[in-house]
Amino acid sequence: MKKSNFVALLMGTISGVLFALGMCMALLPEWNAFWEGVIFGGIGMILGAITVLVWCKMENKKMPKMSGKILFRIIYSVLAVLILGTGMCLCLVWEMFVWGTLVGLLGIVMLIALIPMIKGIK
């Protein structure tokens, strides 16, 4: 594994955990930590953006230009993650295990479909 990929993996993991923890803090009323969650989520988002910049700098690459194809992939990715999260909520919060499992599997399949969508099939 190249150094730039390892750094991106580490920073991406940390930013993802901070963002997820922030969303949990903000959206679970039992935790009573809405504003702290917003701050943690914001830090996670900022660190995610910094991760992309650092990786591009280490790889000597330019930032990708926004095109319709990239915008579609971003929207598709967000939708897939939201569907996966909805399935998790159906299972864990509302105790609808069958529907939650089915919806969660749909989200997982959508996320797996990102690989050939981005890399292509050779």
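The values are calculated or read from the model by the stated rules, or taken from the named source; none is laboratory data. Bear in mind the structure is a predicted one, so any value in this text is a computation, not a measurement. Positions of Cβ are generated from backbone atoms using ideal geometry, with glycine treated the same way; all protein chains shown enter the neighbour counts.
Values for this structure:
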quantity	calculated
Hits in the stretch 1-54 - residues which are among the polar types (S, T, N, Q) and within 18 Å of the chain's Cα centre (by Cα)	ASN5, THR13, SER15, THR51
Residue within the stretch 90-105 that is in contact (Cβ under 8 Å) with a residue 40 or more places away in the chain and either outside any helix (DSSP H, G or I) or surrounded by 14 or more Cβ atoms within 10 Å (Cβ to Cβ) (or both) present	no
Close pairs from the stretch 64-82: first of a type in the set (Phe, Trp, Tyr), partner not in a helix (DSSP H, G or I), Cβ under 9 Å, at least 6 apart	TYR76/ALA113
Residue in the stretch 38-59 that is closer than 25 Å to LYS119 by Cβ and in a loop (DSSP other than H, G, I, E, B) present	yes
Residue satisfying condition, being touching a helix residue (DSSP H, G or I) at 6+ places or on another chain (Cβ under 6 Å) and among the aliphatic types (A, V, I, L, M), within set LEU18, LEU102, LEU53	LEU18
Filter result for the condition that a residue is within 27 Å of VAL7 (Cα to Cα) and of a type in the set (S, T, N, Q), over ASN32, ASN60	ASN60
The lone exception for GLY37 - which of (1) surrounded by 15 or more Cβ atoms within 10 Å (Cβ to Cβ); (2) of a type outside the set (A, V, I, L, M, F, W, C); (3) over 26 Å from PHE6 (Cβ atoms); (4) outside the structural domain of PHE6 (by TED's automatic domain parsing) it fails	(4)
